[in-house]
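Chemist: One structure follows; several queries about it will come next.
The values are calculated or read from the model by the stated rules, or taken from the named source; none is laboratory data. None of these values were measured; they are calculated from a predicted model. All Cβ positions, even for glycine, are placed from backbone atoms using ideal geometry, and neighbour counts span all protein chains on display.
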Amino acid sequence: MKISAVEPFILHLPLTSDSISDSTHSITHWGVVGTKITTTDGLVGYGFTGTHAHLPSDRLITACIRDCYAPLLMGEDASDHQRLWTKLARHPALQWVGRAGITHLALAAVDVALWDLSAKKAGVPLWSLLGGARTEKLEAYNTDIGWLSFSTKALIAGSARAVEQDGFTRIKIKVGHDDPNIDIERLEAVRKRVGGAVRIAIDANGKWDLPTCQRFCARARDLDIYWFEEPMWYDDVASHAALARNTSIPVALGEQLYTVDAFRSFISAGAVHYVQPDVTRLGGVTEYIQVADLALANRLPVVPHAGEMSQVHVHLSYWHPASAILEYIPWIKDHFHEPANVESGIFRRPQQPGASTTPLPQAFERYGKSLG
Ligand SMILES: [Mg+2]
C-alpha cells in the first residue's frame with residue numbers, strides 16, 4: 001500500500017441552520033480542509049480537519065500538506081501509522097516551526113486519511129480495525145439546539161423538540177454572556193421546560209475568568225449541570241484546577257488542545273473531569289489514542305468534540321473503552337457517503353469500510369475552493 005499521490009482540498013460547506021454564534025465564534029460555513037491520499041494498489045483515503053471556513057488560513061493548512069508533508073509521504077507504506085506520524089510530527093525543521101497550530105491541523109488530516117486507507121484496505125469500518133465495538137449503543141448529546149445566538153424562546157423550543165420529538169436525553173447549552181445572569185435565566189427556563197431527568201451540559205467557549213465562573217457556578221448550583229465546558233481560556237491549567245477544586249459542577253475541556261502533553265498537564269493538575277479530545281486538532285487518530293489511553297489510566301471519561309462533525313469520533317467512541325457519550329452537530333451530513341447519523345439519541349454504528357471521511361463528488365463540485 002505505497003503512497004502514490006497526496007492531494008489537499010478545501011470545502012466550505014454551508015450550515016444546515018442559519019449562521020450561529022457561541023461566546024467567541026460566529027460562522028456561516030464549516031471548513032473541511034484535508035487531503036486525498038492515493039496508493040499504488042488503487043485505494044483512496046480521505047482525512048480532514050475542521051475550520052471556520054476562513055480561506056486564507058485554510059490555505060496555510062493545505063500548503064503545509066502539499067509542500068511539507070506530501071514529499072515526506074510519497075512512496076511510503078500507508079499502513080505505517082506510528083512511524084509516519086513520527087516522521088512528520090518530529091521532522092526537525094517542521095517541529096521547529098510548529099508543534100501545534102497549522103502544522104498539527106495538517107498532520108491530523110494526513111493521519112486520518114492514512115487510517116481511512118488502512119480500514120478500506122482491510123475492508124472493515126475503522127472501529128472494527130481498531131479492535132471492535134465496546135458497546136451496542138453510543139449515546140449522543142445535542143449541541144445544535146443551544147447556540148448563544150438563539151433567543152431564549154428558540155432555545156426552549158429547540159430543547160423541547162430535541163427531547164420530546166428526537167429522543168435525546170442529553171443537550172448542551174452555550175453560555176458566556178457579558179452578564180452571566182442572562183445565562184442563568186436561560187438555563188432556568190430550559191430546565192423548567194425539559195424537566196429534571198434531562199442531562200444539561202453548558203459550554204462557555206473559553207469566555208469567562210475565574211471570579212466570573214465561581215460566581216456563576218454558585219448561582220447554577222441547583223440547576224443540576226452535567227458539566228461546565230471550556231469555562232476559561234483554553235490553555236489556563238491553574239484557573240481550571242482552581243475551579244475544579246472549588247465547585248461541584250464537573251469541568252470539561254480539550255477541544256482546543258493540540259497535544260497529548262497538553263492533556264497531561266490538565267489531567268495531572270486535576271483540572272478536568274471530562275476529557276474532550278478532537279481527532280482533527282490532535283494530530284489524528286494516532287495521537288487521539290494516546291490521549292484516550294491517558295484518560296483511561298486516570299479513570300476519566302472521554303467525550304470527544306464534534307470537530308469533524310463526529311464521523312471519526314463515532315468510530316473511536318464505539319471502540320475505545322474510556323469513551324462515554326459523543327457530541328452531535330448535524331451540519332455536514334448531506335456531503336458524505338456515511339455521515340454521523342443519530343436515531344432516537346443513539347449514533348448509528350458505521351458499516352462501510354474506512355473512517356467515514358469520504359465526501360460525495362458533488363461536495364467537491366459545489367463547495368470546493370481554490371488552494372491559491
Ligand atoms: Mg465546546
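Chemist: Taking Q290 as the residue in question, decide whether it is within 13 Å of the ligand (Cβ to nearest atom), within 26 Å of G98 (Cα to Cα) and not aromatic (F, W, Y).
Modeler: On the way: within 13 Å of the ligand (Cβ to nearest atom): no; within 26 Å of G98 (Cα to Cα): yes; not aromatic (F, W, Y): yes.
So Q290 fails the test.
Chemist: Residues I173, I145: which one is assigned to a strand (DSSP E or B) and in contact (Cβ under 8 Å) with a residue 24 or more places away in the chain?
Modeler: After applying the criteria, what remains is I173.
Chemist: Condition check: farther than 22 Å from E327 by Cβ and buried (at least 17 other Cβ atoms within 10 Å of the Cβ). Does V112 satisfy that?
Modeler: Values: farther than 22 Å from E327 by Cβ: no; buried (at least 17 other Cβ atoms within 10 Å of the Cβ): yes.
For V112, the condition - farther than 22 Å from E327 by Cβ and buried (at least 17 other Cβ atoms within 10 Å of the Cβ) - is not met.
Chemist: Can I ask one more? Take the residues of segment 161-170 that are free of Cβ contacts under 8 Å to residues at least 60 places away in the same chain and among the hydrophobic types (A, V, I, L, M, F, W, C): which is nearest to the ligand (Cβ to nearest atom)?
Modeler: In this case the residue turns out to be A162.
Chemist: Would you please name the residue that is farthest from the ligand (Cβ to nearest atom), looking only at residues in segment 139-149 that are closer than 16 Å to P304 by Cα and surrounded by 22 or more Cβ atoms within 10 Å (Cβ to Cβ)?
Modeler: The residue in question is A140.
Chemist: Which members of segment 32-68 meet the condition of being surrounded by fewer than 24 Cβ atoms within 10 Å (Cβ to Cβ) and in contact with an Asp or Glu (Cβ under 6 Å, 6 or more places away or on another chain)?
Modeler: Hits for segment 32-68 are K36, T51.
Chemist: If you scan segment 99-142, which residues turn out to be over 21 Å from the mean Cα position of the chain (by Cα) and either over 28 Å from Y328 (Cβ atoms) or part of a loop (DSSP other than H, G, I, E, B) (or both)?
Modeler: K121, G123, V124, G131, G132, E136
Chemist: Return only the number of the condition from (1) more than 16 Å from the ligand (Cβ to nearest atom); (2) among the polar types (S, T, N, Q); (3) closer than 22 Å to R348 by Cα that T152 does not satisfy.
Modeler: Tallying (1) more than 16 Å from the ligand (Cβ to nearest atom); (2) among the polar types (S, T, N, Q); (3) closer than 22 Å to R348 by Cα, T152 fails exactly one: (3).
Chemist: Name the pairs whose Cβ atoms lie under 6 Å apart, with the first residue in segment 218-234 and closer than 21 Å to G195 by Cβ, the second modelled with pLDDT of 95 or more and of a type in the set (S, T, Y), and 6 or more positions between them or separate chains?
Modeler: Once the first residue is closer than 21 Å to G195 by Cβ and sits in segment 218-234, its partners that are modelled with pLDDT of 95 or more and of a type in the set (S, T, Y) give W227/Y274.
Chemist: If you don't mind, there's one more thing I want to ask. Kindly provide the set of residues from segment 55-68 that are of a type outside the set (A, V, I, L, M) and within 16 Å of G368 (Cβ to Cβ), ordered by number.
Modeler: Residues satisfying the conditions are D58, R59, T62, R66.
Chemist: Quick one: which residue in A220, A238, A271 is touching a His at 6+ places or on another chain (Cβ under 6 Å) and on the phi < 0 side of the Ramachandran plot?
Modeler: Result: A271 is the single residue among A220, A238, A271 that is touching a His at 6+ places or on another chain (Cβ under 6 Å) and on the phi < 0 side of the Ramachandran plot.
Chemist: Can you tell me which residues in segment 305-336 are away from the ligand (no atom under 16 Å from the Cβ), hydrophobic (A, V, I, L, M, F, W, C) and within 23 Å of L15 (Cβ to Cβ)?
Modeler: Those that are away from the ligand (no atom under 16 Å from the Cβ), hydrophobic (A, V, I, L, M, F, W, C) and within 23 Å of L15 (Cβ to Cβ): V312, V314, I332, F336.
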